[in-house]
Structures are given as structure tokens and as C-alpha cells.
Amino acid sequence: MSTINSSITNTNSTTTTTTTTTTAIPIPTNNNNNNTTSTNINNNRNNNTTLSSTNNNNVNTTRVSPLKPVYRLLCKHCRTIVCARGMRAILLADTKIELYSTDIPATSIQLMDKDYLTRTCHCRIRDVACRDCGNIIGYHVVAPCHQCLQAGNNGHFWMFHSDACQPQERKDISGKRTVLWNNLPRAEQDLDFLMGTTIPYDQMCR
């Protein structure tokens with residue numbers, strides 16, 4: 001569980017582009033279960049799994065990459081806002097698989113009734129469903145194992161499957177600049193988070 005950092009510098013110009021990819025702890029990654037409802041929680045038990053992590057320069061530190069954009073996530077099945085504080089990540093075991101993580105759950109998601117162990121580590125996880133439509137959209141790391149905690153993570157234990165959610169970059173009050181994690185307020189002061197599943201009026205009229 002490490003972060004893959006790549007820097008590309010154009011020697012013929014003054015522009016330097018830095019891309020930071022956050023990798024994710026083992027958790028279900030079967031992306032073929034988009035239509036799985038809350039009654040099918042046990043179907044993912046034999047799949048590989050993942051916990052969002054940021055590891056810069058191989059130093060194990062628990063922190064969020066400050067320049068990563070914040071995402072609002074909508075359930076693809078019913079368009080309910082299921083997360084207002086999302087971070088993009090990738091599965092370490094397969095970098096082609098993207099997912100999203102958050103530091104605190106919204107009231108629009110529901111934990112399912114059973115924990116289960118991942119196949120690749122000793123983390124205990126539980127599936128997460130959308131409250132409105134009942135579809136499984138992610139998972140919660142209930143009890144991370146020692147190995148995963150030592151690997152350097154961003155402290156996010158709530159994950160969303162990328163094929164179950166529609167991401168939207170959050171904008172500041174001007175509607176022009178993307179909100180980044182380094183200027184994201186705490187959850188209790190985050191108006192987008194406190195609004196829950198309410199979609200702003202100006203977005204409803206688009």
C-alpha cells in the first residue's frame with residue numbers, strides 16, 4: 001500500500017506536472033456486482049480487497065495528500081449523494097481498478113449486517129449499501145490488520161467502488177476553483193457534508 005508518485009518535467013518550458021496516485025487495504029474489488037442488492041453481501045468474500053493509503057518516498061505516514069481534489073459521489077443506480085468528501089484511489093493489486101475513499105460516512109449509506117475477512121490480509125470489512133436503492137456501493141474497514149496499518153495509509157476506512165458511483169469534483173463558493181484536501185474544512189464545518197443528500201438548487205436546474 002503505497003502511493004505512486006510521478007513527476008514529468010518539460011525541459012523546453014517552465015511547466016512541471018506532478019501526478020499523485022493514491023493506492024488503496026485489501027477489500028472487495030469484484031466490479032461485476034453493480035446490481036448487487038443488500039441481500040447479496042456474502043458474494044464478495046472470495047475477492048481481493050483494498051484500504052486507501054498515501055505513502056510518499058516510502059515513509060510510512062498517515063496523512064492525506066493535500067493537493068488531491070475532493071469529490072462528491074453519487075450512487076449510479078439512483079443518483080443519491082452518498083459522499084461529499086471523496087478521494088480518488090487505485091487498487092494496489094491492480095492499478096487498473098479505481099475506487100474512492102472518505103474520512104467520514106454520510107447518512108445516505110448503510111452498513112450491512114455481517115463482517116467478513118479479506119482473502120489477502122487479516123482486515124475485517126463490511127459491505128456498504130445506498131440507503132435509497134439498497135445496492136452495494138462500497139465497503140467499510142471495520143478492523144484493519146496490523147500489516148495494513150503499518151503500510152502507511154491516509155486514515156480513510158470507507159471505500160466506494162468506482163463503477164457504483166459517479167464522481168463530481170467539488171467547487172468552492174465561486175463555482176470556479178476545485179476544492180482540494182488541504183483547504184477542506186473539518187466535517188462538522190463542511191456545509192456540503194452537513195447538507196447530506198440535498199442537491200444544491202443551481203445544480204438541479206442544469
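Bear in mind these aren't lab numbers, they're just calculated from the coordinates by the rules spelled out. These numbers come from a predicted model, not from an experiment. Positions of Cβ are backbone-derived with ideal geometry, glycine not excepted, and every protein chain shown enters the neighbour counts.
The order of 77, 161, going from fewest to most other C-beta atoms within 10 Å of their C-beta, is 77, 161. Fewest-first ordering of 131, 119, 72 by other beta carbons within 10 Å of each residue's beta carbon gives 119, 131, 72. Here 142, 128, 179, 82 are placed in order of increasing Cβ neighbour count within 10 Å, fewest first, which gives 142, 179, 128, 82. Rg/Rh, computed from the Cα trace of the stretch 114-186 with Rh as the Kirkwood radius, has the value 1.06. Using the beta-carbon distance between residue 104 and residue 143 and R0 = 25 Å, what value does 1/(1 + (r/R0)^6) give for FRET efficiency, to the nearest 0.05? For residue 104 and residue 143, the calculated efficiency is 0.90.
Extension gain, residue 187 to residue 163: 0.36 nm times the residue separation minus the Cα-Cα distance gives 6.1 nm.
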